[in-house]
Amino acid sequence: MNKHCHSCSMPISGPFAGEARGDYCQHCVDETGKLRPREAVRQGIAMWLSSWSPGVTEEQCLDRAKHFMNAMPAWAE
Ligand SMILES: [Zn+2]
């Protein structure tokens, strides 16, 4: 089974994986391997969402990113 980033769910093992940093992908941690701040990760997820959701506003994407993150082990409340 492929591993996914605990922060953004991007695959971190398998043929389409990016470079992993432990349980996280390289987008979700800084150069020291520490998880990025919640807002920084949220911005990244919102941009990713908007790239395949034409017509959806930035505000809506940020809102969706927030819900998305609440389902992730790294950010669950
Ligand atoms: Zn990630």
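In a reduced charge model with +1 at each Lys and Arg Cβ and -1 at each Asp and Glu Cβ, the chain shows a dipole moment near 160 debye about its Cα centre.
With viscosity set to 1.306 mPa s and temperature to 10 °C, compute the Stokes-Einstein D of segment 1-43, Rh being the Kirkwood radius across alpha carbon pairs; µm²/s, no decimals. It diffuses with D of about 154 µm²/s by this estimate. Given their separation in residues at 0.36 nm each and the Cα-Cα distance between them, GLU19 and ASP63 gain 13.1 nm when the chain is fully extended. Considering only alpha-carbon pairs that sit under 8 angstrom and 6 or more positions apart, the relative contact order computed for segment 11-77 is 18 percent. Using 1/(1 + (r/R0)^6) with R0 = 22 angstrom and r between the beta carbons of GLU39 and GLU77, what's the FRET efficiency to the nearest 0.05? Efficiency computed from Cβ-Cβ geometry: 0.90. The trypsin sites (Lys or Arg not before Pro) found in segment 1-66 that occupy coil by DSSP, while having at most 12 further C-beta atoms within 10 Å, are LYS34. Set the Förster distance to 25 Å, then compute FRET efficiency between TRP48 and MET1 from the Cβ-Cβ distance, nearest 0.05. Calculated value: 0.65. Among the GluC sites (Glu not before Pro) within segment 18-52, which fall in a DSSP loop and have no more than 16 other Cβ atoms within 10 Å of their own Cβ? Passing sites in segment 18-52 are GLU19, GLU31.
Among TRP52, TRP75, the ranking by other beta carbons within 10 Å of each residue's beta carbon, starting with the fewest, stands as TRP52, TRP75. Normalised by residue count, the chain yields a Cα convex hull volume of 93 Å³ per residue.
Coordinate-derived values only; no laboratory data. Everything numeric in this text was worked out from a predicted model, so none of it was measured. Every residue, glycine among them, receives a Cβ derived from its backbone with ideal geometry; neighbour counts consider all protein chains shown.
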